[in-house]
Amino acid sequence: MPALWRSTFVLGMVLLSISRPSLASEAVGQGKEHTITTLPIVIWKWEEIHFPYLVALWILVSWLCKLVFQLNPCLTRVIPESGLLICIGWVLGGIIYGADKVQTFRLQPFTFFFYLLPQIVLDAGYSMPNKLFFGNLGAILVYAVIGTCWNAATSGLALWGCWLGGAMGNIDTGLLQLLLFGSLIAAVDPVAVIAVFEEVHVNEVLYILVFGESLLNDGVTVVLFNVFDAFVSLGGAQIDAVEIIKGIISFFVVAVGGSLVGVVFALLISLLTRCTKNIQIIEPGFIFVLGYLSYLTAEMLSLSAILSCTFCGVCCQKYINANMDERSVTTVRSTMKVFANGSETIIFVFLGISAIDPSIWVWNTAFVLLTLLFIFVFRFIGVFLLTWILNQYRLVPLDFIDQLVMGYGGLRGAVAYGLVLLLDENKYKEKKLMSSTTLIVVYFTVMLQGITMKPLVTWLKVKRAAVSERTLAEKIQNRTFDHMRVAIEDISGQIGDNYMRDKWNNFEEKWLHWLLMTPIARKSCDPIFNIFHKLNIKDATSYVKEGERRGSLAFVRNESKADVDFNKKFGADFSEVMPYIMTENMGQDHVPVSSILRDSVPSVCLDMHEQDLKMRESEDFDAHHLLQQHLYKGRKQHRHGYSRKHLEVNKDEHEVQEIFQRTMRSRLESFKSAKMGVAPPKKISKHLKKDQP
């Protein structure tokens, strides 16, 4: 705790240094320009660089805030990260207000919607597990679209009824304004809940339903907000059946149109990454620039920018990951996480700072308490009602505990506060009351529900996800069951999810892979190639771990020093069947090693069966001779050099292809000799030129 307070004191000093120059700059700006009478050695130029300087300092302060509570891990186990950031925002806001006697820093809507939110949405879409997302897309859309409309309508109508009954006192509002408030307060923020769900490892279905619903919910909320804002501008007297029908049509056009814009930009990104082989150093930039342009383009066309950016990330991730170099993929993932996490940190800190401003607070106890009650009750009613309908058609229905967790996980966040700041005070006389109530709702849900979410999940004994990775046999069985379900649907004449998924996979393999992937990327998508690659990676990892345990890899030079009987393992001269792990997806930095430390199952059997074969004894073998005999010798040695355009030089394109073919041939010959009793072929000391592709 002393370290925590010291860090908080340092942040306070930084905030004072930020706020004080702003007043000084105003004083200088009001004064007269100084006349230079001699050559100055140093000039104070705060007016010229104060804006980028303040931006950089706030980014630094926000990240230091995250560092502060990480000094005490006990806090993060009890309070969610978003709640701690809001608390630190309260402290920083108090320091700023005490220094300047006015709140000089606020979360501006333009900054939030055009600089902070796009990074979070793009990262969420890019990190989305596609198979789970599209497999549960129907349920996600039901919760995100119908559930959001239900929450907005019921909350707004309930508040309107209480206002008519006089429960809120004398406030200047109406039906349309309360419906608009209900639409913006229905925005669910996924940050705290997803963090808890990842920590306790809830089951995959519950995770993807909450994650997908909260992500698409933000886009639907913005669309509803714009529709009701247009209704308020028209006025209640001019709204008839035609205008209501136009509003419904506008809702679907804006939502679907924004999604289509995101798909178009995803196709464009995938096509561009096909041509970036020689400019790998800048190919990650295309993803960020075009992803941001998808957001701005949808906003320019008055479509849903959030849905556009979301579907851009969801639809392009598979193709760009296959087309780009492995290091570029790592760069994209790491940079996206930095931007998204930094934006979330800044948003929650400023949500806390915004509260320390007496000018924005207007208090109405009945309005605040009724809002909290209605959003809580109608959230549960909507989840239970929609889940009951979905369970009539789901093969595996959602149980009561999952529904309870989904209803309790409706946390409100920065999207709701950003929307309420967009309101015009000339049209909405009670804007300050709505802003104050929105802040209270955000603090209540993030703090109280966020703190109690983890104990609730543990107490209810929510079904957990399997932490261990599936074995090869389990993956093959699941794939077999998928084909069986497709066959059953085809025979019975029914068109279900499995049938549509199979048709989409056929269309994707026939057209989209050819259009959006490079030839090398298409080959890497082959299931046999993927299994081969994973087995080799597993072999190499086990081999290196054994070497690290012994302190040296010299044990491979003498068979008597190794723990594995290679002759018993393979039933032939080990040098005849040594596999290679070099594939097309691996560069020259990866050193080929043998699969000599697998389980008691030979590699050629793909972990499917185990055999004991007659062995021929060999006294010893030389590892250097074995590698020289069977691995392909590079035509050029790698030279370390500097290049601004390329990440590596002197890479032979034919080498990895030849190694892969020889490795597969060696595996098949070894399997044939072990399974069918065929004598192994003779040693090949030199690869013939005619066998090259």
Q: Can you confirm whether the range 184-197 contains a residue that is open to solvent by 20 Å² or more (accessible area, probe 1.4 Å) and over 27 Å from VAL462 (Cβ atoms)?
A: no
Q. Among the residues of the range 48-59, which ones are exposed (fewer than 13 other Cβ atoms within 10 Å of the Cβ) and not β-branched (Val, Ile, Thr)?
A. GLU48, PHE51, PRO52, ALA56
Q: Could you identify the single residue in ILE248, ILE281 that is over 22 Å from the mean Cα position of the chain (by Cα), open to solvent by 70 Å² or more (accessible area, probe 1.4 Å) and closer than 20 Å to VAL332 by Cβ?
A: ILE281
Q. Right, LEU141: open to solvent by less than 50 Å² (accessible area, probe 1.4 Å), in contact (Cβ under 8 Å) with a residue 40 or more places away in the chain, assigned by the TED database to the domain that holds PRO455 and in a helix (DSSP H, G or I) or not?
A. no
Q.
So if I check each of PRO80, PRO109, PRO129, which one is surrounded by 22 or more Cβ atoms within 10 Å (Cβ to Cβ) and touching a helix residue (DSSP H, G or I) at 6+ places or on another chain (Cβ under 8 Å)?
A. PRO80
Q | Candidates CYS149, CYS65, CYS87 - the one that is open to solvent by less than 50 Å² (accessible area, probe 1.4 Å), under 30 Å from the mean Cα position of the chain (by Cα) and in the same structural domain as TYR292 (by the TED database) | A | CYS149
**Q.** Verdict on GLY257 being on the phi < 0 side of the Ramachandran plot, assigned by the TED database to the domain that holds ASN341, surrounded by 21 or more Cβ atoms within 10 Å (Cβ to Cβ) and not basic (Lys, Arg)
**A.** no
Q.
I'd like to check something: does the range 563-572 contain any residue that is part of a helix (DSSP H, G or I), of a type in the set (Lys, Arg), out of contact with any strand residue (DSSP E or B) (no Cβ under 6 Å at 6 or more places or on another chain) and modelled with pLDDT under 50?
A. yes
Q: Only one of these is within 27 Å of LEU421 (Cβ to Cβ) and modelled with pLDDT under 85: GLY257, GLY247, GLY235, GLY262. Name it.
A: GLY235
Q: With the checklist (1) of a type in the set (A, V, I, L, M, F, W, C); (2) closer than 30 Å to ARG522 by Cβ; (3) touching a residue at least 60 places away in the same chain (Cβ under 8 Å) in hand, flag the one item ILE306 doesn't pass.
A: (2)
Q: Restricting attention to the range 514-526, report how many residues are within 25 Å of the chain's Cα centre (by Cα) and at pLDDT below 80.
A: 4
Q | Selection within the range 201-216 - out of contact with any Asp or Glu (no Cβ under 9 Å at 6 or more places or on another chain) and in a helix (DSSP H, G or I) | A | GLU204, ILE208, VAL210, PHE211, GLY212, GLU213, LEU215, LEU216
(Q) Quick check on GLY83: is it farther than 18 Å from SER343 by Cα, part of a helix (DSSP H, G or I) and modelled with pLDDT of 80 or more? (A) no
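Can you tell me which residues in the range 356-370 are more than 25 Å from PHE105 (Cα to Cα), in a helix (DSSP H, G or I) and not hydrophobic (A, V, I, L, M, F, W, C)?
Within the range 356-370, THR365 is the sole residue that qualifies.
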Q) Is it the case that some residue within the range 27-47 is open to solvent by 40 Å² or more (accessible area, probe 1.4 Å), in contact with a helix residue (DSSP H, G or I) (Cβ under 6 Å, 6 or more places away or on another chain) and modelled with pLDDT of 85 or more? A) yes
(Q) Please go through the range 417-448 and give me each residue that is open to solvent by less than 10 Å² (accessible area, probe 1.4 Å) and farther than 18 Å from ASP357 by Cβ, ordered by number. (A) LEU419, TYR428, THR445, VAL446
Q: Of the conditions (1) surrounded by fewer than 22 Cβ atoms within 10 Å (Cβ to Cβ); (2) outside any helix (DSSP H, G or I); (3) at pLDDT 85 or above, TRP388 clears all except one; give me its number.
A: (2)
Q | Subset of the range 239-297 [among the polar types (S, T, N, Q), in contact with a Leu (Cβ under 7 Å, 6 or more places away or on another chain) and outside any helix (DSSP H, G or I)] | A | GLN280
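So that you can scan it fast, the table gives a plain yes or no per residue for (1) out of contact with any Leu (no Cβ under 9 Å at 6 or more places or on another chain); (2) part of a loop (DSSP other than H, G, I, E, B); (3) assigned by the TED database to the domain that holds VAL223:
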{"position": "LEU398", "(1), (2), (3)": "no, yes, yes"}
{"position": "GLU425", "(1), (2), (3)": "yes, yes, yes"}
{"position": "LYS432", "(1), (2), (3)": "yes, no, yes"}
{"position": "PHE444", "(1), (2), (3)": "no, no, yes"}
{"position": "LEU448", "(1), (2), (3)": "yes, no, yes"}
Q: Consider ILE347 carefully, then state whether it is in the same structural domain as VAL441 (by the TED database), open to solvent by 10 Å² or more (accessible area, probe 1.4 Å), farther than 30 Å from TRP504 by Cα and not small (Gly, Ala, Ser).
A: no
Q: With respect to VAL377, determine if the residue is out of contact with any Gly (no Cβ under 7 Å at 6 or more places or on another chain), open to solvent by 20 Å² or more (accessible area, probe 1.4 Å), assigned by the TED database to the domain that holds PHE350 and not in a helix (DSSP H, G or I).
A: no
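The values are calculated or read from the model by the stated rules, or taken from the named source; none is laboratory data. These numbers come from a predicted model, not from an experiment. In this analysis, Cβ positions are derived from the backbone assuming ideal geometry, glycine residues included, and neighbour counts consider all displayed protein chains. Quick note on the areas: whole protein, heavy atoms, side chains included, nothing else; ligands and nucleic acids left out. Shrake-Rupley method; radii C 1.70, N 1.55, O 1.52, S 1.80 Å.
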